[in-house]
Amino acid sequence: ELKELVEQYVSKHRSTEVGGVFIGDANRFDMFVPIPNVSVSPSSQYEQRREHLQVAQLIAEMISGEIVGGMHTHPSGTVVSEADLKWLESTGHKFGVVVACKDDGFEWFCLDKKGRNQPIYWTDEHSEMVALLLAKKMGLNDLGRVMITPSGELLCEGDEAKELLMLDRDVYLVKKQLEGRYSWKQPSRKELSEKCGLSAERVRRAMKKIG
């Protein structure tokens, strides 16, 4: 994982401040590019050369990404300070990441331009996992991935997703009420209207589509 690779790099330079930039999209970090510290006081300050940053920018363009955040370390383990906020402002980056070196590991801070700590998403899979957890809390069901072929055929992970896409919402709601019922126990249109929250006319049209 990218985070572990960055921490391995930082571990080799615990006595001085090191840093670089993260390349990615929005607040997702896909790649880290180390940039040498040219400060005259490297144990307490991190500075970059403009030409080094330009190389990182070229790398970002090559992979169709952008520099979304700058990073530097605090070898002494101190937390974010006012100086870090000024550093972020001077870089022009969307985020400023500070990695504080602790005895038992590292503490990460990701600041936006207002100095607020923000979550870091390292991969698309991580972002999807967070989205699915939020959806589950809201009582939503994941219908899986949906693709369409050049000929217009729908390819879905589940039959329910394909059915939902092929039928309009009214048909879908009515059909769910009819599933698993014997023909002599079918609800009336009035009952369907109440259960589905649809007008009698919309139920009639949905029933016509179902056949």
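The values are calculated or read from the model by the stated rules, or taken from the named source; none is laboratory data. Treat the numbers as computed from the prediction; the structure is a model and nothing was measured. In this analysis, Cβ positions are derived from the backbone assuming ideal geometry, glycine residues included, and neighbour counts consider all displayed protein chains.
How many residues are of a type outside the set (A, V, I, L, M) and farther than 24 Å from residue 102 by Cβ when one looks only at the range 16-26? Counting residues in the range 16-26 that are of a type outside the set (A, V, I, L, M) and farther than 24 Å from residue 102 by Cβ gives 2. Just give me the residues in the range 89-103 being modelled with pLDDT of 90 or more and either within 17 Å of residue 43 (Cβ to Cβ) or more than 22 Å from the chain's Cα centre (by Cα) (or both), in sequence order. Hits for the range 89-103 are 98, 99, 100, 101, 102. Take the residues of the range 23-52 that are acidic (Asp, Glu) and part of a strand (DSSP E or B): which is nearest to the chain's Cα centre (by Cα)? The residue in question is 25. Residues that are of a type in the set (S, T, N, Q) and under 30 Å from residue 103 (Cβ atoms) were ranked within the range 63-79; the one that is modelled with the highest pLDDT is 73. Residue check: residue 46 meets all listed conditions (1) surrounded by fewer than 21 Cβ atoms within 10 Å (Cβ to Cβ); (2) at pLDDT 90 or above but one, namely (1).
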